[in-house]
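To start, the structure itself, in structure tokens.
The values are calculated or read from the model by the stated rules, or taken from the named source; none is laboratory data. It should be emphasised that the depicted structure is a prediction, and the values quoted were computed from it without experimental measurement. Quick reminder, even Gly has a Cβ in these numbers, built from the backbone with ideal geometry, and neighbours come from all protein chains shown. Protein only, heavy atoms only, side chains kept; ligands, DNA and RNA dropped before computing areas. Shrake-Rupley method; radii C 1.70, N 1.55, O 1.52, S 1.80 Å.
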2 protein chains.
Amino acid sequence: MVGSPGEQPAVARSRQVGRPRRSEQALLEAAAAVFVRSGVDAPVREIAAKAGVGTGTIYRHFPTRPELVVAVYRHQVESCAEAGPRLLAESANPEAALRAWVDLFVDFLVTKHGLAGALQGDSAGSDALHTYFVDRLVPVCGLLLGAALESADTDPSVDAYNVLKAIGNLCIGAAGDARYEAAVLVQLLISGVLAGAAH
Amino acid sequence: MVGSPGEQPAVARSRQVGRPRRSEQALLEAAAAVFVRSGVDAPVREIAAKAGVGTGTIYRHFPTRPELVVAVYRHQVESCAEAGPRLLAESANPEAALRAWVDLFVDFLVTKHGLAGALQGDSAGSDALHTYFVDRLVPVCGLLLGAALESADTDPSVDAYNVLKAIGNLCIGAAGDARYEAAVLVQLLISGVLAGAAH
DNA sequence: TAACTTTACGGAACGACGTTCCGTAAAGCA
DNA sequence: TGCTTTACGGAACGTCGTTCCGTAAAGTTA
């Protein structure tokens, strides 16, 4: 290498030697399976065991636990985000679109045990999960919310970030508490938001 | 004692020998101070250190961490509970009473960093914190909610348990996120509940 | 006062967690 | 056939809640 003409930049040369990387896809599938069985808070060791892999391998692909969670649910978050504009176009009115989208989001959060709780992000500001959800979904929520508010001729009392975080919070602990009806409460919150009356 | 006439039941004889118990009050004050500085999630070791005590002593008085938290905030929960009927009597109308009480509760939860989050109770059904809050505050919430609904001539769409838990959830992560306005969101939820329209 | 008993004490120890680290062996290159 | 590079598994680390245990202080009895 020393004697060769240095055409190719050193940075482009990577992953040429050594074992092939275990496909991230296999890890993600194992993680998804464990999340279904044991919830999103399942230990990393359990995921590693399910994938037939050491914990180090998990961390080499996903440097931190939240990043693994993000990766597992990225597709579903994406499709939830994409559903927003579509619902707005297809629905009878903006409010119906907003309510349908919110139902979609709630169902997603409640189905994945513990996901809503994991959204908070620890004290540090660098929680990948929280950041990703906010970045991807706040604009969608804002689109639908803005349309619904305009259609209702109501001044906004809170912004899309607040609404999204509120929905996430309302879904915490919904699975595993049969008396708690997250979906209804979220719709009631939307009613309040569209009424524009914080009092 | 063996030769004495056995008037007093054996069960009444306790705490006669040995060191005096460290006053629980001192432990509670140390815990409260640490909770203010480091949040409700502060490690038990930190509380023990602040109280100048071993961790064992903490656990002898409060068998589990949530029970310590309950003990620390019992007074404030109590006064929040007592405020309910008083507000109902003093306010111009039931809705105003409900909204004032809810503000009280929200302020309480948001002020104590992490308390709202701790309310969830882990997967096991035996979380002292959750149980205590529910037992003490659901009836109060029910009283105010019932009066407000009746006054608004609205059919209830959710029960007091749902409303209380929803409020608790909405307050999660409120401290430490300046953009998130828990109090406003809670009032909007109340608006939706009193409107009786889950859609 | 001098044993003896009872009890709360402090802090080491345990198990579970997220995360980091390192010796090893497989895969490509010469 | 060796050498280099790399991902690998899993031991090790630091932190948490909780449990355990040897010790010493306080009360009781002689």
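Some observations on this one:
- Comparison of B:A183, B:A147, B:A166 shows that the only residue that is over 14 Å from A:L185 (Cβ atoms), out of contact with any Ser or Thr (no Cβ under 8 Å at 6 or more places or on another chain) and at the interface with chain A (Cβ under 10 Å from one of its Cβ atoms) is B:A183.
- Among the residues of region B:140-195, those that are in contact (Cβ under 8 Å) with a residue 12 or more places away in the chain and within 15 Å of A:G196 (Cα to Cα) comprise B:A183, B:L185, B:V186, B:Q187, B:L189, B:I190, B:V193, B:L194, B:A195.
- Count of region B:61-89 residues, restricted to those that are among the aromatic types (F, W, Y) and either assigned to a helix (DSSP H, G or I) or open to solvent by 60 Å² or more (accessible area, probe 1.4 Å) (or both), is 1.
- Yes/no for A:V36 being under 18 Å from the mean Cα position of the chain (by Cα), under 17 Å from A:H113 (Cα atoms) and open to solvent by 60 Å² or more (accessible area, probe 1.4 Å): yes
- Within region B:155-167, being closer than 14 Å to B:V140 by Cβ and in contact with a helix residue (DSSP H, G or I) (Cβ under 7 Å, 6 or more places away or on another chain) holds for B:A160, B:Y161, B:V163, B:L164, B:I167.
- Exactly one residue among A:A92, A:A30, A:A42 is aliphatic (A, V, I, L, M) and under 26 Å from A:N169 (Cα atoms), and that residue is A:A42.
- Residues located in region A:150-163, provided they are within 11 Å of chain B (Cβ to nearest Cβ) and among the β-branched types (V, I, T): A:V158, A:V163
- Restricting region B:40-54 to residues that are surrounded by 15 or more Cβ atoms within 10 Å (Cβ to Cβ), more than 14 Å from chain A (Cβ to nearest Cβ) and of a type in the set (A, V, I, L, M) leaves a set whose member that is farthest from DNA strand C (Cβ to nearest atom) is B:I47.
- Among the residues listed as A:P139, A:P156, the single one being surrounded by fewer than 20 Cβ atoms within 10 Å (Cβ to Cβ) and farther than 23 Å from B:V106 by Cα: A:P139
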